[in-house]
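Enquirer: Got a structure here, written out as structure tokens. Questions coming.
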Amino acid sequence: MKEQSKNRLTLDLTKTIDENAAVYFERAKKIKKKIEGAERALNENFKKLQELEAKRDKIILKKSKEEKLKERKHEWYEKFRWLISSEGLLVIGGRDATSNEIVIKKHTDSNDLVFHTDMAGSPFFVVKSEGKQIGEKTKNETADATCTFSKAWKLGLQTSDVFYVTPEQVSKKTKAGEYMGKGAFMIYGETNYITNKVNLAVGITKAQQVMAGPIEAIKANCDKYVVLEQGNEKAGAIAKKINHKLGGNLDLDEIIRALPSGGFRVKKG
């Protein structure tokens, strides 16, 4: 027995050939519309899929960058306040009484310079000479950092009495009956007072480190940076603005840790 064709053409014998043809023509139009609709839906779904894949790739890329930032090796000095001067010298400073003590006792060598202010509660900053001559630019930048990260920022002051001395002039030795608390030191001998000002920018180094300090040092070491001045914005809010301006994938806690105590605003112009 022969297999019957699946593509049968059924005719209505009560209708004329033209009428039967018209019926099949209408059916064909409906089928064509369904096919066109299916094709449109397929194309739309394909576009949506492409958009979702593009979004997914962006998210993966962003997460990858964030993971790289988190996984990067942190240098020993990042536990403290720090900056690289425009002359390429490392400058470290205390964050509190404990880190002041550590900076002076463990990380200050004979050829370094120690900076401080006459204001109570000031951080100690140390320029690490590393066998190099400490130039005037580095001294000025360190003086500005010492002023900026002292109480001067929070109090709205624009300058402070900053001086520098050699490490051998800094000591825990006191007169009989006196006691030096943690983070506090006696300064002996002549002090060198230096002109200074509140001066703060935050940038991202080539090593993806968040660096805060005088704008001259930041410009020399960072491709992207934000200049700040005293204002009313809290550290958390300003950190988000800094993060946005510097690329949007930085650790907000790291930005906040780099800032002095007080209020902020982004400097215009």
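The values are calculated or read from the model by the stated rules, or taken from the named source; none is laboratory data. Remember, it's a predicted structure, so these values are computed and weren't measured experimentally. With ideal geometry, Cβ positions are generated from the backbone for all residues, glycine too; neighbour counts draw on all protein chains shown. Remember, those area values only see protein heavy atoms, side chains included, never the ligands or the DNA or RNA. Shrake-Rupley method; radii C 1.70, N 1.55, O 1.52, S 1.80 Å.
Enquirer: Does GLY203 satisfy the criteria of being within 18 Å of TRP82 (Cα to Cα), open to solvent by less than 60 Å² (accessible area, probe 1.4 Å) and of a type outside the set (A, V, I, L, M)?
Expert: So GLY203 passes the test.
Enquirer: In segment 163-185, is there at least one residue being outside any loop (DSSP other than H, G, I, E, B) and under 25 Å from the mean Cα position of the chain (by Cα)?
Expert: no
Enquirer: Would you pick out the residues in segment 206-217 that are among the β-branched types (Val, Ile, Thr) and either outside any helix (DSSP H, G or I) or touching a residue at least 24 places away in the same chain (Cβ under 8 Å) (or both)?
Expert: Within segment 206-217, VAL210 is the sole residue that qualifies.
Enquirer: Also, quick follow-up: Is segment 166-173 home to any residue that is of a type in the set (A, V, I, L, M) and either open to solvent by 60 Å² or more (accessible area, probe 1.4 Å) or closer than 23 Å to ILE218 by Cβ (or both)?
Expert: No: zero hits.
Enquirer: Would you mind finding the one in LYS240, LYS224 that is free of Cβ contacts under 8 Å to residues at least 24 places away in the same chain, part of a helix (DSSP H, G or I) and among the basic types (Lys, Arg)?
Expert: After ruling out the rest, the residue left standing is LYS240.
Enquirer: Another question, if that's okay. Filter segment 114-136 down to residues that are hydrophobic (A, V, I, L, M, F, W, C) and at pLDDT below 95 and give me whichever is surrounded by the most Cβ atoms within 10 Å (Cβ to Cβ).
Expert: Result: MET119.
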